[in-house]
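The values are calculated or read from the model by the stated rules, or taken from the named source; none is laboratory data. Predicted, not measured: the structure shown is a model, and the values here were computed from it. Neighbour counts are summed over all protein chains in view; Cβ atoms, including those assigned to glycine, are modelled from backbone coordinates with ideal geometry.
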Ligand SMILES: [Fe+2]
């Protein structure tokens with residue numbers, strides 16, 4: 001037995017994997033007839049390394065509890081050169097899903113796989129790829145995506161991605177798809193209750209016979225509810241085709257558990273209801289439907305999740321990092337550990353973190369704070385107050401303000417005695433920092449479901465009389481992600497700087513918008529000191545902030561020009577909200593008056609957003625990343641609002657394709673992006 005094989009068997013045993021081991025190629029001897037109807041969710045693969053990958057399918061049977069499938073892996077789509085074959089158990093206990101870890105494969109190779117039952121009824125054929133070896137110097141390419149509502153949109157972006165990848169040269173083809181969360185939205189609208197929202201048609205996804213409801217949003221209250229929504233999502237043909245073409249590397253965001261959930265706490269329509277049993281159910285359904293190397297707390301078996309028994313118990317005690325010190329909470333959030341690394345050739349180490357299971361309470365989530373964000377300033381919150389809330393008792397060298405003020409209004413500081421906000425939590429953060437320090441790859445890419453760039457405006461520069469006086473300083477327009485987790489973000493960026501780490505870049509999702517720029521702990525009037533790059537990918541389909549402004553911001557709101565410019569005769573307003581974040585209020589007001597982009601940009605406020613090269617709050621699509629020994633290139637591929645499914649093989653029109661390219665920098669040097677508009681017109685995003 002070779003060392004590779006011994007090592008693999010150890011890994012596989014730890015994962016409790018159904019195993020296949022690659023060997024000499026020979027033609028398939030199985031009688032396979034494709035029966036797509038018997039495998040309604042298709043096939044998938046996940047988490048490749050240089051010699052193995054996990055394969056997945058779902059084959060429901062009417063009678064249980066357990067059946068055996070076979071899986072074949074071949075070097076060719078006709079299965080003339082089959083290199084591995086294995087049993088793949090399916091059982092009602094895992095909703096008839098199966099995961100098979102296939103090892104002994106060659107690095108950097110394309111493989112084809114298919115499942116079949118004992119009667120020869122076969123799944124579709126899937127394609128997957130192994131990673132390059134750790135020392136492979138060739139460039140690597142991957143895509144990152146997020147936020148794929150099929151309740152309110154269609155996945156034309158995957159169709160475009162497939163179309164382009166099929167036509168790309170082998171060395172330019174995507175190695176994997178990094179899915180940064182909101183693979184499902186657990187909140188589901190029923191078309192007969194809500195026919196449209198914003199510009200969207202509401203499409204049927206799933207029904208929760210035993211779910212909850214808040215407003216028009218239905219949400220699951222059982223494991224079967226979560227499973228139903230995954231099956232509803234996997235009815236989408238473009239998602240199924242994407243999963244059958246590339247291995248996915250996935251981390252959940254919030255909606256795989258609960259819209260406003262954190263740790264194991266549920267928020268929909270309720271304040272802080274304990275949800276330990278649902279957190280376990282959400283983890284189980286995620287584990288059943290997304291093949292990955294995430295570690296689960298139950299048995300090591302890849303066959304069933306083996307959920308820990310937990311009770312819904314109110315959390316009364318919090319540790320020094322805001323972690324709920326309650327045994328059922330700890331058991332629930334540790335029932336599936338999502339954070340992990342993926343090594344992919346010499347140039348990429350992908351370090352993936354979980355933003356919801358360990359985080360402390362969102363510091364702006366206290367009644368009364370809305371007084372600091374009056375309706376005259378839509379979505380704006382004083383940045384100094386956001387910083388004080390984030391810093392908690394540690395703010396300004398342990399001198400937190402007793403009150404937060406907005407002009408004449410003041411509110412008692414609810415975070416005065418709280419620890420600083422953490423999104424990662426202490427244990428994951430220690431792991432993350434150690435991995436960052438230890439990585440030997442050229443590029444250390446932080447795969448992170450939540451955005452990190454500040455989103456802020458400068459209402460302090462509004463001309464007198466347009467609005468009540470802004471109390472001073474910048475306004476934060478974000479919240480809930482690393483854009484306002486100032487203390488923790490600085491802790492990580494300072495580590496990158498102090499340890500002399502180069503090639504650090506963040507790829508993230510959640511914001512339903514495209515952002516490209518730099519990772520800097522502070523912005524003016526603080527020190528702008530970029531230590532890396534920071535990107536956010538647009539949503540695949542979910543509505544973004546621009547769409548909400550279009551539908552919700554009144555025509556006569558005095559500050560409407562900061563968000564939307566109504567060009568006479570145009571079908572849609574121009575998105576000055578992008579300009580607000582990158583150039584500031586003076587540029588927006590000029591643009592809304594003259595529609596002259598050059599004149600508007602000439603009024604850009606250089607202190608507002610030196611960290612941004614690009615922001616588009618209305619962009620949908622995906623991003624690709626290419627990494628080599630000396631360069632990181634990130635392309636945003638933006639499509640029109642995906643309201644209906646395109647029947648075209650390319651998924652429909654492109655809005656724009658924009659590349660941001662950075663040369664690898666040396667320790668102490670500043671990273672710099674070069675922007676290239678390759679197709680279309682990103683308009684006000686630059
Ligand atoms: Fe989302």
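Conditions tested, residue by residue: (1) under 24 Å from residue 356 (Cβ atoms); (2) free of Cβ contacts under 8 Å to residues at least 60 places away in the same chain.
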residue: 114; (1), (2): no, no
residue: 123; (1), (2): no, no
residue: 134; (1), (2): no, no
residue: 153; (1), (2): yes, no
residue: 188; (1), (2): yes, yes
residue: 204; (1), (2): no, yes
residue: 218; (1), (2): yes, yes
residue: 223; (1), (2): yes, no
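Is it true that some residue in segment 225-238 is free of Cβ contacts under 8 Å to residues at least 24 places away in the same chain, within 26 Å of residue 37 (Cα to Cα) and part of a loop (DSSP other than H, G, I, E, B)? No; the residues of segment 225-238 include none that is free of Cβ contacts under 8 Å to residues at least 24 places away in the same chain, within 26 Å of residue 37 (Cα to Cα) and part of a loop (DSSP other than H, G, I, E, B).
For segment 198-208, give me each residue that is part of a loop (DSSP other than H, G, I, E, B) and within 15 Å of the ligand (Cβ to nearest atom).
Answer for segment 198-208, where residues must be part of a loop (DSSP other than H, G, I, E, B) and within 15 Å of the ligand (Cβ to nearest atom): 198, 205.
Just one of the listed residues (187, 145) is at negative phi, touching a helix residue (DSSP H, G or I) at 6+ places or on another chain (Cβ under 8 Å) and within 16 Å of the ligand (Cβ to nearest atom), namely 145. Residues that are more than 16 Å from the ligand (Cβ to nearest atom), in a loop (DSSP other than H, G, I, E, B) and in contact (Cβ under 8 Å) with a residue 12 or more places away in the chain within segment 536-563 comprise 553, 557, 558, 559, 563, listed in sequence order.
Restricted to segment 495-516, and to residues there that are more than 16 Å from the ligand (Cβ to nearest atom) and part of a loop (DSSP other than H, G, I, E, B), the residue that is nearest to residue 251 (Cα to Cα) is 503.
Taking the listed residues 584, 621, the one that is at positive phi, crowded, with 24+ Cβ neighbours inside 10 Å, touching a residue at least 40 places away in the same chain (Cβ under 8 Å) and under 24 Å from the mean Cα position of the chain (by Cα) is 621, with no other qualifying. Working only within segment 549-563, note down all residues that are surrounded by fewer than 23 Cβ atoms within 10 Å (Cβ to Cβ) and within 20 Å of residue 614 (Cα to Cα). Of everything in segment 549-563, those that are surrounded by fewer than 23 Cβ atoms within 10 Å (Cβ to Cβ) and within 20 Å of residue 614 (Cα to Cα) turn out to be 549, 561. Can you pull out every residue in segment 261-272 that is more than 16 Å from the ligand (Cβ to nearest atom) and at pLDDT below 95? Passing the criteria: 266, 269, 270, 271, 272. Within segment 298-307, being surrounded by fewer than 18 Cβ atoms within 10 Å (Cβ to Cβ) and modelled with pLDDT of 90 or more holds for one residue alone: 306. Note on segment 331-364: residues that are at pLDDT 95 or above, touching a helix residue (DSSP H, G or I) at 6+ places or on another chain (Cβ under 7 Å) and in a loop (DSSP other than H, G, I, E, B) amount to 5.
Of everything in segment 239-260 that's in a helix (DSSP H, G or I) and within 17 Å of the chain's Cα centre (by Cα), which residue is nearest to the ligand (Cβ to nearest atom)? Taking the candidates together, the pick is 239.
Take the conditions (1) modelled with pLDDT under 70; (2) surrounded by fewer than 18 Cβ atoms within 10 Å (Cβ to Cβ); residue 35 misses just one of them, which is (1).
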